[in-house]
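**Student:** Here it is: the structure, laid out below.
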Amino acid sequence: MSNHVTSLLRRKKLGVGFTAKSLMLLMGDLASDDGSGIWASKARMARELETTDRTVQRTIEGLIAAGFLVEVGRKKHRNGFTYEYAIRIKMVEKCEDTTPQPPTERHPSPQDVDDEAQDMTPDTVSPPTECHPTPDTVSPHGVTVCHPNPIGTQIEPPPQPPGGGRRRESRFGVSDEVKRLLEERL
């Protein structure tokens, strides 16, 4: 089991398709750090990849033809034998990376500028504030703590009707003014 080989396979574009890349990742997980020692049966690999034995056989043949795998020998076991494979690490290393390399140059930062070039004069244009957003423990005048939201319950007056005055409504929802107009007409 090699994290080195699996990590290398993940970082490279092999150009062999999804099934072959999945099989290579599985084989990389089963391999030693030098890419050798892969002797899992095709049936086991098919079960782990949730595919058929024949698909694994065809894919291995394709990877051998592409030069990524080499058949090293046979290993006997109770059901006959299995082939031993090795991943050709040198071939994988020649492949293009899946992610672009990070830039080698970085943007200039304040640490890169000479001390003489930095303007360290205090700000004399901005007015002083009553509240400090961060506590200052060095200030001789003390610090006024302020909060962006007022503390305590804020009681606001109820909204006024469009006329500005208060209208009284009867218990049926008719205002006194409407009631007066109706009485005048009757």
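What follows is calculated from the coordinates using simple rules that are stated; it is not laboratory data. The structure presented is a predicted model; accordingly, all values stated were derived computationally and were not measured. Neighbour counts run over all protein chains shown; Cβ positions are idealised from the backbone, glycine included.
**Student:** For labels at Ala43 and Arg88 in the simple 7 Å Cα→Cβ model, what's the distance in nm?
**Tutor:** 3.1
**Student:** So which lysines pass the test for Lys94, namely a Cα distance under 29 Å, with those fewer than 8 places away in the same chain ruled out?
**Tutor:** Lys12, Lys13, Lys21, Lys42
**Student:** Still on this structure, please answer the following. Please report the net charge: other residues with Cβ closer than 13 Å to the Cβ of Ala20, K and R +1, D and E -1.
**Tutor:** That sum, taken over residues with Cβ under 13 Å, equals +3.
**Student:** Return the distance in nm (one decimal) between the two label points of a simple spin-label model at Lys13 and Glu50, each offset 7 Å from Cα along Cα→Cβ.
**Tutor:** Simple spin-label model gives 2.7 nm for this pair.
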